[in-house]
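Here is the structure we will look at.
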Amino acid sequence: MNADLEKLQETNKTELERRGSIFNIGAPATEAVTTRDQIAVGFGDGTVRFFQSGSDPKTVKAHKGVVLSMTNYEDHVLTGGDDGRFLKISSDGNIEEIFNFGSKWVDCVASHKDTKVCSSGKTVYIWTKNKDKPQTLEHQSTVAGLAFDNKGKRLAVSRYGGVTVWKLNNNKWTASNYTWKGSHGTVTFSPDTKYIVTAMQENQIHGWRINDKADLAMRGYPSKIKSFTWVGDTPYLVTSGSSDAVCWPFDGKEGPMGRKPIVVANGGKELATFVKALNGEKAVFTGFTDGSVLLAEIDESKKPIMIRSSTGAEVSTIAISSDNSQILIGDMKGSILLSSLWADN
Amino acid sequence: MYEGGIYRTNYKEIDMENTSQVPVTVLTGFLGAGKTTLLNRILTEQHGRKYAVIVNEFGEQGIDNDLVVDADEEVFEMNNGCICCTVRGDLIRILSGLMKRADKLDAIIVETTGLADPAPVAQTFFVDQDVADRTKLDAIVTVADAVHLSSQLVDHHEAEEQIAFADVILLNKVELVEDNDIVKVNDRIRKINPFAKIIKTTRCDAPLDEIVGLNAFSLDRVLDIEPDFLESDHDHEHDDDVTSLSFVSDTPLDMDKFQDWFGNLLRTKGQDILRSKGILNFKGEEERYVFQGVHMLMDASPMGPWPKGKNRSSRVVFIGRDLDNMNLKEGFENCKSA
């Protein structure tokens, strides 16, 4: 592997860059999600583009300004924009406006099966199947993150002062509050749904054990954490925000309590800005401020592989196709690399 | 609570390959003072420029711009043990969103509600790294109503704070006030804020290049301060009036002593010190040092050698409440090198 790495560095271009396609869109890539056979990317010019190996991306002019949030929904994607629109978009260019909030932004979106969710301001709107009117959930401050648990029974809503976890029982949502001083952004459930974790305005992440609300602070980062991903069976919560991918173990009864994280994929003077698990492997893709991307096993003794070389613009999104064959990397200048992960593809 | 092992890194400083920062002008002033008039002048008279305007939900209507964003003025306390360290959470979110746009903005204007405290807005640019990397606070511009300012200063802390924080004050509606009353209100403003530029206007008719694109928060601009040095008179009526004090020294200062005193001062009295600025001549240092602070937060750096033939004097200015009880003069004097 070492010899391979050296060879890659000599030629400047990585193996994946040589066999992949590069598209220069000219607007920052803001979000990427995987649908059944494509990867959809939202951009700062309001477009959503559907990428598929071997063909040019299909462009859908969706929002007037920035695609702020995106998630997959059946074969479609749901997007929220700074034009106040919450949209359902298909790759053939069909756009359905679910709701228009006017001058208020649609900051966050989420979905589970046939349930569509978005937030605008302090309110979360939930559309369930066969109902035209959304249910609304109110919060004390602007919603900064949304996440369903894997069964779609609980919805975590992050905000200033903590997280509200809404539980669905007999068609009614009831709230349970997880409190921690400060402003909470992106939120995630652990795969076993025992923990919720948020990225904070301060350079730290915060977690709660759901059943007893025990707090879990993960600190020491040099910058804000913009991205996290669950990796492997342990599982590890891998985060950006440092010069390495920082991997916190969430196994056992106590998770990362009193334990040190594993750090992999050192970016030297660059900071990690985006992390994405390689499905089914104990490995993570880490994108950095200079546009480079490393693939690393969660093992400090293993050397990472360079997947994408520096572009000069920070990596803002990474997505893997649903069949694990393709990777898409996007950056803040709108350069997209789409490449097959495996040499024999 | 239980806590994960604290993770430390050797990381020092990022070399931000600086994509140019978008300037942000903050517009404050009481309802009816003329903020919207000024805003519309900026938007309509500067042709060909692309602005984003962030307004509050209680704002006056009729803003003539493509890109108007509604904000909620959500003030968040930072969880960093600094009690007065508040930021505008909505501003962090909106500025981050605007920075993802494909088209480049020439400037961003943030309009605050009449009763807003400007500190959280200013502090947002000191505290949030993403905001600081991609945008820069250009200036705080306060529109004051020449007819009503005097009574507003008596009735509302916020009016004092808006004057205290300002880099530029438009004393508007002067056509409705007698000349000697203008002098009085001008003096009142000066007592609160000796370094803001005061422009007397009718319908906010000030030259726009004196309002936007000022770079007033740049440390370089600290060198421009020529505060009106006031006699330290004590005729203000209440102890919680906002006043200012400034000190000059031709004797070089001792760097260690100054850092001890000033650091401790901001830590313990930062809540009452609204703004501080200064140019410092340290013994044994060839370069000028400048600083600029908002409450407990401060930005400081060396700023090149002293100009030849110019007097190497240190100057500091404080604007705040209860300054008389901080032993500022004594503290500053004690920093003089032996």
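Observations on the structure shown:
Residue-wise test of (1) within 30 Å of residue A:333 (Cβ to Cβ); (2) in contact (Cβ under 8 Å) with a residue 24 or more places away in the chain; (3) surrounded by fewer than 24 Cβ atoms within 10 Å (Cβ to Cβ).
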position	(1), (2), (3)
A:186	yes, yes, yes
A:213	no, yes, yes
A:273	yes, yes, no
A:289	yes, yes, no
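- Scan of segment B:97-133 for residues that are within 23 Å of residue B:297 (Cβ to Cβ), within 10 Å of another protein chain (Cβ to nearest Cβ), charged (D, E, K, R) and in contact with a strand residue (DSSP E or B) (Cβ under 9 Å, 6 or more places away or on another chain), ordered by number: B:128
- Whichever residue in segment B:21-57 is within 14 Å of chain A (Cβ to nearest Cβ), under 22 Å from the mean Cα position of the chain (by Cα) and at pLDDT below 90 and, among such residues, is surrounded by the most Cβ atoms within 10 Å (Cβ to Cβ): B:55
- Residue B:147 vs. criteria in a loop (DSSP other than H, G, I, E, B) and either modelled with pLDDT of 90 or more or hydroxyl-bearing (Ser, Thr, Tyr) (or both): yes
- Listed conditions (1) aliphatic (A, V, I, L, M); (2) touching a helix residue (DSSP H, G or I) at 6+ places or on another chain (Cβ under 7 Å); (3) buried (at least 21 other Cβ atoms within 10 Å of the Cβ); (4) at the interface with chain A (Cβ under 10 Å from one of its Cβ atoms) are all met by residue B:94, apart from (2).
- Wholly enclosed helices (runs of 4 or more DSSP H) of segment B:171-276 bearing at least 1 residues at pLDDT 85 or above and under 15 Å from the mean Cα position of the chain (by Cα): B:179-192
- Exactly one residue out of A:82, A:45 is of a type in the set (D, E, K, R), touching a Phe, Trp or Tyr at 6+ places or on another chain (Cβ under 8 Å) and within 11 Å of chain B (Cβ to nearest Cβ): that is A:82.
- Pick from segment A:182-221, criterion within 15 Å of the chain's Cα centre (by Cα) and assigned to a loop (DSSP other than H, G, I, E, B), ranking: nearest to residue B:94 (Cα to Cα): A:190
- Only a single item in (1) under 20 Å from residue A:181 (Cα atoms); (2) part of a loop (DSSP other than H, G, I, E, B) is not met by residue A:233, and it is number (1).
- In summary, strands (runs of 3 or more DSSP E) completely within segment A:240-344 and bearing 2 or more residues that are closer than 20 Å to residue A:16 by Cβ and more than 14 Å from chain B (Cβ to nearest Cβ) occur at A:272-277, A:283-288, A:293-297, A:305-308, A:315-320, A:326-331, A:335-340.
- Filter result for the condition that a residue is within 14 Å of chain B (Cβ to nearest Cβ), within 29 Å of residue A:201 (Cα to Cα) and not small (Gly, Ala, Ser), over A:116, A:167, A:151, A:122: A:122
- Residue check: residue A:85 meets all listed conditions (1) of a type in the set (D, E, K, R); (2) crowded, with 22+ Cβ neighbours inside 10 Å; (3) touching a residue at least 40 places away in the same chain (Cβ under 8 Å) but one, namely (3).
The values are calculated or read from the model by the stated rules, or taken from the named source; none is laboratory data. Since the model is a prediction, treat every value here as computed from it, not as a measurement. Virtual Cβ from ideal backbone geometry, glycine too; neighbours counted across all protein chains shown.
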